[in-house]
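What follows is a short report on a single structure.
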């Protein structure tokens, strides 16, 4: 019996370690993305509804440096109405905290709430700033409409990310 328990614990630790190599952080849309992946682990300490870049940057700054993380999937933008509130600073903080990571950026949603009238070109320019810093932009955005339900697009986005990792 104890041997079986040891094997189960070892298998669990390997699967947990694998998941922690690929993490997911950001705003409320992040929780929906996480539902569709076994390869990418949501970091609750770095994910919060209503969060913008300034708050996320503070949270990442206070997080323990982790050289084992290989990829970060980041969902941010909508709560700042796609205004740059410190993209460069967030990028530098993420790279300092997770120095060996590649960063994937999930494009958010629009056409609802405070982003009801945000123009597509503003969103494109916002994410281009991440791309210019070396991040990989996931081509499929969450898109038009309220994102606060489990939409089909979340599964599609996670599939794209998982193919990249």
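Residues in segment 70-82 that are touching a helix residue (DSSP H, G or I) at 6+ places or on another chain (Cβ under 7 Å) and either under 20 Å from residue 122 (Cα atoms) or surrounded by fewer than 23 Cβ atoms within 10 Å (Cβ to Cβ) (or both): 75, 76, 77, 78, 80, 81, 82. Of the residues making up segment 83-114, those that are under 12 Å from the mean Cα position of the chain (by Cα) and within 17 Å of residue 125 (Cα to Cα) are 104, 105, 106, 107, 108. Kindly indicate whether any position in segment 103-117 is in a loop (DSSP other than H, G, I, E, B) and free of Cβ contacts under 8 Å to residues at least 24 places away in the same chain. Checked segment 103-117: at least one residue is in a loop (DSSP other than H, G, I, E, B) and free of Cβ contacts under 8 Å to residues at least 24 places away in the same chain. Does segment 57-87 hold any residues that are touching a strand residue (DSSP E or B) at 6+ places or on another chain (Cβ under 8 Å) and closer than 15 Å to residue 102 by Cα, and which are they? Passing the criteria: 69, 70, 71, 72, 73, 74, 75. For residue 100, the conditions (1) in contact with a strand residue (DSSP E or B) (Cβ under 7 Å, 6 or more places away or on another chain); (2) at pLDDT 95 or above; (3) in a loop (DSSP other than H, G, I, E, B) all hold with the exception of (1). Which count do you get for residues in segment 38-59 that are more than 17 Å from residue 21 (Cβ to Cβ), touching a helix residue (DSSP H, G or I) at 6+ places or on another chain (Cβ under 8 Å) and buried (at least 16 other Cβ atoms within 10 Å of the Cβ)? Going through segment 38-59 one residue at a time, the tally reaches 7. When residues in segment 83-114 are screened for being surrounded by fewer than 20 Cβ atoms within 10 Å (Cβ to Cβ) and closer than 14 Å to residue 147 by Cβ, 4 of them pass.
State whether the residues of segment 62-76 include one that is in a helix (DSSP H, G or I) and either under 14 Å from residue 147 (Cβ atoms) or modelled with pLDDT under 95 (or both).
No, that holds for no residue.
If you check residue 123 against the conditions, is it more than 14 Å from residue 20 (Cα to Cα) and not in a strand (DSSP E or B)? Yes; evaluated as a whole, the condition is true for this residue.
The values are calculated or read from the model by the stated rules, or taken from the named source; none is laboratory data. Everything numeric here is computed off the predicted structure, so don't read it as measured data. In this analysis, Cβ positions are derived from the backbone assuming ideal geometry, glycine residues included, and neighbour counts consider all displayed protein chains.
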